[in-house]
Amino acid sequence: MSGSLKLLKLINVILEHVYKFLGLTNPIPEVINAFITAAISFAVISVFVMFLVWMERKVSAHMQSRIGPNRVGPFGLLQTLADAIKLTTKENMEPQKRDKIPYFIAPIIAFVATFMGVVVIPLDKGVTIQNLNIGVLYIIAITSFTVIGILTAGWSSNNKFSLIGGFRSAAQIISYEIPLVLSLVPVIMITGTLDLQKIVEYQAHAGYWFVGPQIIGFLVFLTASTAESNRAPFDIPEAESELTGGFHTEYSGIKFAMFFLGEYISIIIGSSVAVSVFLGGWIAPAFMNFLPVPGFFWFVIKVLLVIYLIMAFRWTFPRLRVDQLMDFGWKILIPIAILNIFLTGLWILWFSKGV
Amino acid sequence: MNCEDLKNKLEMDFKEQVHSLNITPQKEVILTARDENYLDICQSLFSKPEYDFKHLSCLTAVDYIKENKITVVCHLWSYSQKCQLTVKLETNREQPRVPTVEKIWKSANWFEREVFDLYGVIFEGHSDLRRIMMPDDYKKFPLRKDFADDGFIVKPN
Amino acid sequence: MTDLLLSQIDINSNSLTETDEYIVNLGPQHPATHGVLRLVVKLDGEVVKETMPVLGYLHRSIEKICENRTYPQCITYTDRVDYASAMSANLAYAMAAEKLLNIEIPPRAQWLRMIFVELQRIASHLLWLGAFAGDLGAFTPFLYGLRERERVLDLFEMTCGQRLTYNYIRIGGVMIDVLPEFVEKCRLFLDYFFKKVDEYEELLTYNPIFLERTKGVGFITPEEAINWGLAGPSLRGSGVSCDIRKQQPYLFYDQIDFKEEISYGGDCWSRYKVRMNEMRQCVSIIRQCLDHMGPGAVEAKLPPVLKGPNGQEAYSRIESSRGEMGVYLVGNGTPKPWKCKFRCASFNNLSVIDKLTRGWKVADIMAVLGSLDIIIPEVDR
Amino acid sequence: MKKIVTYFKDIIVGLVNLILGMSVTIKYFFKKTNTQQYPEEKLPLPDRSRSLIKLIYDQEKEEFNCVACMMCQKACPNNCIKLEGARMPDGKRKMINFKLDFSTCIFCGYCVEACGFDALTFIPEDYENSVYQRGSLLHDEHALKWVRPTVASNPPRELNQSTQVI
Amino acid sequence: MEQFVFWCIAIFIVLSAFFAMIMKNIFHCALLLAAALFGVAGIFVYLGAEFLALVQVLIYVGAITILIIFGIMLTHKMMDSKIIVMNKQVVMSAVITGVLGTLIILTIYSTAHWILPALKNSESGYLTHSITTASVTKNKKVVTDVYTLGPALINPKKGFAFAFELVSILLLSVLIGATVIARKDQEG
Amino acid sequence: MLFKYGYVLAFLVAGVFFILFAFLTNWIISPNGLLGQKFHENRSVDTYECGVDTIGTAWVRFNVSFYLYALLFVLFDVETVFLYPWAVSFRKLGLVGFSEMIVFIGILLVGLAYAWKKGVLKWE
């Protein structure tokens, strides 16, 4: 049993005692548990996002031979916190001609949709917030919900830049959802499960990570998930040099912060899935197996590496044009993903006995 | 082609159609066209292969307030013949009207708009003669010599 | 303006699959319009139907100001005409004034002028590279470009004490001779810089995204390009040999060996490639200048007061970083020019934008604008 | 068939070029940065830097070098020097009032070049000229007063004294 | 607890569907429709058909709603406050929906005899469990899980292989139809 | 079963509440909120369009190309929905299942190729 699981068990026991002491009966403790988990996840993710924003700044700075933030806190670590405080205390500017209710709920949709995806990510052996046996599909379905938030934001701002940005975003997200889905199919064919935890366990048993046999799938998935989270070079919805801010042109202060948070959470989810499915999740690399660190540590390290890669994309490549983006999705990624499924199928049939 | 050759050639071709044709001390050939021949001269300078003035380098105007005239000045350049020519057309200051050369050189479009904006010269036949730098509702023509500066221009003493 | 624009939109179309055209202002406060350019763009969905540039947000009437300044004083204003390559603007004006006043310049001053103008061309192209890549969404080349540009500016500052508005090239020569250590520092910079150009090319030139964004975008044929008055690298990108340094050699450009960079694509990528190669040519030109430069005076003997001869005029053109820069001076016997006209490359290069972007996407406006290397004070003056 | 081959070839060539581009940025990620931390690390100004205009004060004679010849005022293209002189009882001309408006000064250096009496100079000392009120950019002779250090340590600037500026 | 969640979802669905019907702003209607569809996904989860629920979210919320919103963007005067929500067909449609609704309710009641006892006997507290067991006892075959769905679909002997392939033909025909429309549009 | 998705529901509800809480905080402490001064400048609530007045509304009929992509997306989404149950039991189904899926995808690919060739995938 892994270390983190032990810790969780311990917390659970303590909580059970507390509930018993208070005399609460099922299902109320479970409901409380769920909400506590959500609160903790929100806090942890917020801190992690702050770290990521700092990391992005540092990574971009060093790639451009700059230093990056270094004033607030050690190595500028608290810079993002300062920004968060700034965004929270900022005046909330809303355009007069907006469509009030959709304008208000758009950041909520965009955030919550990504936030819900956190539920099924396997953090360590046997540790998931709530393991669903169709986890992969769940993440894809839930994150596809983001597009409605962005579209609503773009439409309700009554701003042409926002509108174009929102529509681009919608077209982009729906186009890249298919390669995203298709790139995961080969792995599911091999493992025969949609459960992320089981996929990781399969890799642990098999002794190899799927990034080896499924390198095409990994690249397609990485590209598509970058596009799904509206990151450069697929950041045409907020293409700064054309649309000034895209769908969040008219959002300021805390509402903008929520879009920002949502975007980063979707990066985290995308790279977490990539890590779990292709890079062995919480499995330690073979040559570092002897180290007494929990799998959670390896999981975070891998996620950070993937995020670093995504950041390197952003600070290296120009932005695609909207029609080229569509072409890339439909004419290159989808055929390749389907080809990959086909090849994997043949491969499995060739090596499996009894067929 | 050096400037003497150019001058001789121009003299042969456009003898009757020009006011004056001379070489300045700065070795530039200046051709001052008559009003009615201006467009024809420009057209033939543009299209005849021995001139081949495909490039309208600059089009501007000069306000000679004492002589009560505004001169529209075109600087032409020929990429093939490698020579420069200045074509001038004079017009009066009160009702400055000159034909447009936009049909020949498209680059004249904005040059003429600029001259219209700053000098008030009206180019007849221009496709889009609006102010280009000044606000649309501006009434004056700033580069004219009698422009009252409204106190915006700081003149050194 | 608004009424005019609205009248162009057909509101009463009722067909089912037809879409509305709408008007978007790109600029004056826009991240990608290089200053305060305003483009009024008529769009159908993402497709550009018409691009209408609105100028004048940076109009300072420098030409009028120059009419009220003495000949040498005007040079300080040419710095402001094209702040990204102020040396070239200085040179253009100084050469026009020298032509008008019939002044001979000592050879060392000529070589120095060439060195500084070519250094300025490198600096300007670096700024352009950054802005262009930034317009396409790649921000990193911008900082790389600025990093190298700083070194050029250090050389400038070492020589004339300013980093942006130099007022270095004067009528009759240059302001001051370079410091003795300048030659060595300049050579060091050139060696350092020559390798960096390869790095930029590695980063961008054959990047598939960059190719997609620039190949074929903003195409213009050579004939049209000439007719629209395009100039400089933008015209050479269409395959026209138009470099004034070759066409009408000034300074000592006829004495050194350099290649006029031409690309035949006529699109954004060709214009990009021309400029990248030009940076390499600049390095070679400066090296040759440093070799040729001998000792001597850097300023001609001038009369105490410069008076333009009455009724005479001069039009002089140079190849500035952005293309042809011409200065037209008319003298009237006083120390002040009667007329001073700057023919700037950006003005004409911008006028073609409607033609280049019509039928393309919104994003292509930025690519085309970037590839034309527009600098707003040159347009508005 | 040929089309299919080009299709895959394009993808692979593109991928290679993308990786090539990434290699540049990732290379710089591990290199030393070029940033100078401005308020702490200040860039040294070169000797010829045109950053602050000063009126030279002669400590021995206890007066400014300026004799109010008005050359700088005439040379200034932006009209930012206001100068008043008066004839002293001993027959010498002397500057009694000197105003320099830095808000319109464009640091062209004409005034320094025009000065024939070694009265104006640029000093390569400071470039932090920003203020909170526009009025505080208007300097008079007391604010511009500058005593040249001993000649050995800081020789006079070798700007050529040209006459062409007017 | 389950009852409470069920009623919440049900009220949510009915309300959002109702407002989707009567709102004057078409965009708001589309959003409310998405909400209603999302609620239906909740009902599917409640019934234990998690795969179906996620498919509901993926296709209806993620795809169909986008399609509808894109469709809205092609309509004229979407923001007009004078849009008439009711028109002359209101009586006709009321009659038709009434008849259909009655039919559905009748059908439910006629088939409910195997649900209701199971509900009463349910001890585990999970409605879904009861239904699945009930349906197992009734039909001897249960298709709720994604892991059993694949064989059921594709297995050529027991499954619906032919229907499955037919679906692809259907999708193809839709695709070609869309293509034709698009081409017509481009030509015109 | 339901219990598992209870966590999802909890995350949904909690997420909404967190955001509302953040908005509330912002509303209380921001300059134009509860505690701040009610400063309101007319121009600052105008629609942003690069500093000039907007021309017309943003709610216009938009381009049809988006619609076609959405239509294609629905089709392929349906395909993927069929793909997943097949993929999980791929080993069970074996060659027969594989060939059936090849036919299924093949037919759709034919459609994609057709659409590609006819220029649906080309943005006008």
Practice task
Residues being facing chain D (nearest Cβ under 10 Å), in a helix (DSSP H, G or I) and of a type outside the set (Asp, Glu): count how many of those fall in the range C:174-215.
Solution key: 7
Exercise for the section: Could you tell me whether residue F:73 is touching a residue at least 12 places away in the same chain (Cβ under 8 Å) and either more than 13 Å from residue A:342 (Cα to Cα) or facing chain E (nearest Cβ under 7 Å) (or both)? Expected result: no
Handout entry: Scope the range C:49-70; condition surrounded by 24 or more Cβ atoms within 10 Å (Cβ to Cβ) and either among the charged types (D, E, K, R) or over 21 Å from residue B:146 (Cα atoms) (or both); matching residues
Key = C:55
Practice task
Could you identify the single residue in A:21, A:111 that is in the same structural domain as residue A:160 (by TED's automatic domain parsing) and either open to solvent by 40 Å² or more (accessible area, probe 1.4 Å) or under 27 Å from the mean Cα position of the chain (by Cα) (or both)?
Solution key: A:111
Exercise for the section: Could you tell me which numbered condition residue A:293 fails, if it satisfies all but one of (1) farther than 30 Å from residue F:109 by Cα; (2) in a helix (DSSP H, G or I); (3) out of contact with any Gly (no Cβ under 8 Å at 6 or more places or on another chain)? Expected result: (2)
Exercise for the section: Can you give me the number of residues within the range B:76-107 that are within 8 Å of chain C (Cβ to nearest Cβ) and either of a type in the set (Phe, Trp, Tyr) or touching an Asp or Glu at 6+ places or on another chain (Cβ under 9 Å) (or both)? Expected result: 6
Handout entry: Residues that are touching a Gly at 6+ places or on another chain (Cβ under 8 Å) and on the phi > 0 side of the Ramachandran plot, drawn from the range D:99-122
Key = D:109
Exercise for the section: Spot the failing condition for residue A:146; the list is (1) under 20 Å from the mean Cα position of the chain (by Cα); (2) open to solvent by less than 10 Å² (accessible area, probe 1.4 Å), and only one is missed. Expected result: (2)
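Residue-wise test of (1) buried (at least 19 other Cβ atoms within 10 Å of the Cβ); (2) within 22 Å of the chain's Cα centre (by Cα).
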| position | (1), (2) |
| --- | --- |
| C:164 | no, yes |
| C:174 | yes, yes |
| C:193 | yes, yes |
| C:205 | no, yes |
| C:210 | yes, no |
| C:235 | yes, yes |
Practice task
Kindly indicate whether any position in the range F:28-35 is touching a Lys or Arg at 6+ places or on another chain (Cβ under 9 Å), modelled with pLDDT of 70 or more and open to solvent by 20 Å² or more (accessible area, probe 1.4 Å).
Solution key: yes
Exercise for the section: Tally the residues that are surrounded by fewer than 22 Cβ atoms within 10 Å (Cβ to Cβ) and assigned to a loop (DSSP other than H, G, I, E, B), restricting the search to the range C:284-304. Expected result: 10
Practice task
Considering only the range D:108-129, state which residues are within 14 Å of chain C (Cβ to nearest Cβ), open to solvent by 40 Å² or more (accessible area, probe 1.4 Å) and either without any contact (Cβ under 8 Å) to a residue 60 or more places away in the chain or in a strand (DSSP E or B) (or both).
Solution key: D:116
Handout entry: Residue ID - nearest to residue C:340 (Cα to Cα), chosen from residues in the range C:43-62 that are of a type in the set (D, E, K, R) and out of contact with any helix residue (DSSP H, G or I) (no Cβ under 8 Å at 6 or more places or on another chain)
Key = C:49
Practice task
Look at the range A:177-202 and say how many of its residues are facing chain F (nearest Cβ under 10 Å) and assigned to a helix (DSSP H, G or I).
Solution key: 14
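Listed here are the residues, each with its yes/no results for (1) open to solvent by less than 30 Å² (accessible area, probe 1.4 Å); (2) not in a helix (DSSP H, G or I).
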| position | (1), (2) |
| --- | --- |
| A:211 | no, yes |
| A:233 | yes, yes |
| A:269 | yes, no |
| A:272 | yes, no |
| A:275 | yes, no |
| A:281 | yes, yes |
Practice task
Output the residues belonging to the range C:301-321 that are more than 11 Å from chain B (Cβ to nearest Cβ) and more than 16 Å from residue B:55 (Cβ to Cβ).
Solution key: C:301, C:302, C:303, C:304, C:305, C:306, C:307, C:308, C:310, C:321
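Yes/no matrix, rows are residues, columns are (1) modelled with pLDDT of 80 or more; (2) within 11 Å of chain C (Cβ to nearest Cβ); (3) open to solvent by less than 40 Å² (accessible area, probe 1.4 Å); (4) within 25 Å of residue A:314 (Cα to Cα):
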site	(1), (2), (3), (4)
D:3	yes, no, no, no
D:13	yes, yes, no, yes
D:25	yes, yes, yes, yes
D:28	yes, yes, yes, yes
D:57	yes, no, no, no
Handout entry: Filtered residue count, the range F:104-118, keeping only those that are at the interface with chain E (Cβ under 9 Å from one of its Cβ atoms) and open to solvent by less than 60 Å² (accessible area, probe 1.4 Å)
Key = 8
Completion exercise
Condition set open to solvent by 10 Å² or more (accessible area, probe 1.4 Å) and β-branched (Val, Ile, Thr), scope the range C:305-362, selection farthest from residue B:70 (Cα to Cα): answer is C:305
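The values are calculated or read from the model by the stated rules, or taken from the named source; none is laboratory data. Nothing here was measured: the structure is a model prediction, and the numbers come from that model. As a convention, Cβ positions derive from the backbone with ideal geometry for all residues, glycine included, and neighbour counts pool all protein chains shown. Side chains included, ligands, DNA and RNA excluded: accessible areas come from the protein's heavy atoms. Shrake-Rupley method; radii C 1.70, N 1.55, O 1.52, S 1.80 Å.
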